[in-house]
Amino acid sequence: MATPGTQYMMQVGLASGMSATEGMGSPHLKPVDPNFSDPAHVLPEYIIPDSQSRIALPAHGGKDVLIPYMSIGTWAWGDKATFGYNPTTDLPKIHQAWSKLKEVGLTFVDTAQSYGDGESERICGTLFQGMPRNSFAVQTKWHSAGDISSMLLQSLGPKSKLSGSLKRLGLDYVDIYLVHGPIHASLISSVAKGLAECVDSGMARAVGVANYDTREMIAMADELAKSGIPLSVSQCEYSVIRRLPEVSGMIRECRQRGICFQGFASLGEGRLTGKYSRFNQPPRTRRFSSYPMHLLEPTVEVLKSITEERRVPVPAVALNYSINKGVVPVVGVRNAEQAEQDMQALGWRLTEAEIRRIEDVSLEGHRSSLLQHG
């Protein structure tokens, strides 16, 4: 079973400094150095992803895992601590959103054992019912911190917890299994052994890490390689207002190693959607990229100006930016309207001039020792 109360432990942790802009983190703005010289377009110019486009992730045995250029984040599905989930009102909206996403083929979901104490995985399982297994992809995450059984089991922890995830999902295997954070009690070598066992047993097709820094990511890749398993994914918070993984060189390292980089909180937990303002702040529980809105006004205004020119929603511009940078954005979807807006990030590309306008008002962001190392 999922660890009871995990969702509340996560919220307490984020408030204490795990979010890098809360608690012990520093909330002051840190603009990206204008001399930073990575190209505006990292994704090759000839690629214009649409909802049917797929990225091939290296997996054990040479059979790639195929995923869209966007992942649907499901943290809010079942989570009461951060998102105030109400099954009576929210579950029908989730099903409506999923119907929209299925229509266009955006059926790659990102969930975790800690989201809603496993409720997110259960909800995902209901959505998958009746779908051919090759018509969707799912990744979940091993909740490694604060769990006594994983500490005692050491390398057996990931496989033991994945067994519970599969039951909640109603599946025989997940496409991708991530370590949720770098603060696990076990050594990276022990965790790598555990992830390799998940792949060897057929319970996961590919594996990855979340919130690791570049050094930790490379160490995990090297340990997995001893078992003949590739590190397929590295996931960190990334958006227009947290470009740290790009500035630090992590995305470049991922590209060189054939690792898919995914960026969660790709809309700054709603701050990059045009919904919030200095007079309408996001809920205090939305702690990633949790800058006061008046500090983000220059960034949001540039996104809005491009929105008017492009005739697409504000979220579509912010997500298209990430895609241009070679990032697979993980975007939370709670209703059909959000699904419709996010879909419009695909099928077109920002110009280099538009990207430079955005980058003139972008932020580097911060890291924290408690969770966000990368």
Selection within the range 293-334 - surrounded by fewer than 20 Cβ atoms within 10 Å (Cβ to Cβ), over 23 Å from residue 43 (Cβ atoms) and in contact with a Gly (Cβ under 8 Å, 6 or more places away or on another chain):
304
Which one is surrounded by the fewest Cβ atoms within 10 Å (Cβ to Cβ), of the residues in the range 7-65 that are modelled with pLDDT of 90 or more and among the charged types (D, E, K, R)?
45
Residue list for the range 357-374, restricted to those being among the charged types (D, E, K, R) and at pLDDT 95 or above:
357, 359, 360, 364
Going by the structure shown, is residue 268 on the phi > 0 side of the Ramachandran plot, surrounded by fewer than 23 Cβ atoms within 10 Å (Cβ to Cβ), at pLDDT 95 or above and of a type in the set (Gly, Ala, Ser)?
no
Can you tell me which residue in the range 267-295 is nearest to residue 73 (Cα to Cα), limited to those that are of a type in the set (A, V, I, L, M, F, W, C) and free of Cβ contacts under 8 Å to residues at least 60 places away in the same chain?
272
Helices (runs of 4 or more DSSP H) wholly in the range 267-374 with at least 1 residues that are more than 26 Å from residue 92 (Cβ to Cβ) and of a type in the set (Val, Ile, Thr) - which ones?
293-310, 314-324, 352-359
Which residues, taken from the range 202-212, are at negative phi, assigned to a loop (DSSP other than H, G, I, E, B) and either of a type in the set (Gly, Ala, Ser) or buried (at least 20 other Cβ atoms within 10 Å of the Cβ) (or both)?
212
May I ask you to list pairs of residues, at least six apart or on different chains, whose Cβ atoms are under 6 Å apart, with the first in the range 163-174 being under 18 Å from residue 74 (Cα atoms) and the second being at pLDDT 95 or above and among the basic types (Lys, Arg)?
168/122
Search the range 213-236 for residues being among the aliphatic types (A, V, I, L, M) and over 26 Å from residue 370 (Cα atoms), and hand back the single one that is surrounded by the most Cβ atoms within 10 Å (Cβ to Cβ).
229
Which residue out of 209, 233 is at pLDDT 95 or above, within 13 Å of residue 58 (Cβ to Cβ) and touching a Leu at 6+ places or on another chain (Cβ under 8 Å)?
233
Can you find a residue in the range 244-256 that is under 14 Å from residue 139 (Cα atoms) and buried (at least 24 other Cβ atoms within 10 Å of the Cβ)?
no
Flag for residue 308 being more than 15 Å from residue 242 (Cα to Cα) and free of Cβ contacts under 8 Å to residues at least 12 places away in the same chain
yes
Might you check whether a residue that is surrounded by 15 or more Cβ atoms within 10 Å (Cβ to Cβ), modelled with pLDDT under 95 and within 30 Å of residue 86 (Cα to Cα) occurs anywhere in the range 126-136?
no
Can you tell me which residue within the range 58-70, out of those that are closer than 24 Å to residue 318 by Cα and aliphatic (A, V, I, L, M), is nearest to the chain's Cα centre (by Cα)?
70
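The values are calculated or read from the model by the stated rules, or taken from the named source; none is laboratory data. Source: prediction; values computed, not measured. Positions of Cβ are backbone-derived with ideal geometry, glycine not excepted, and every protein chain shown enters the neighbour counts.
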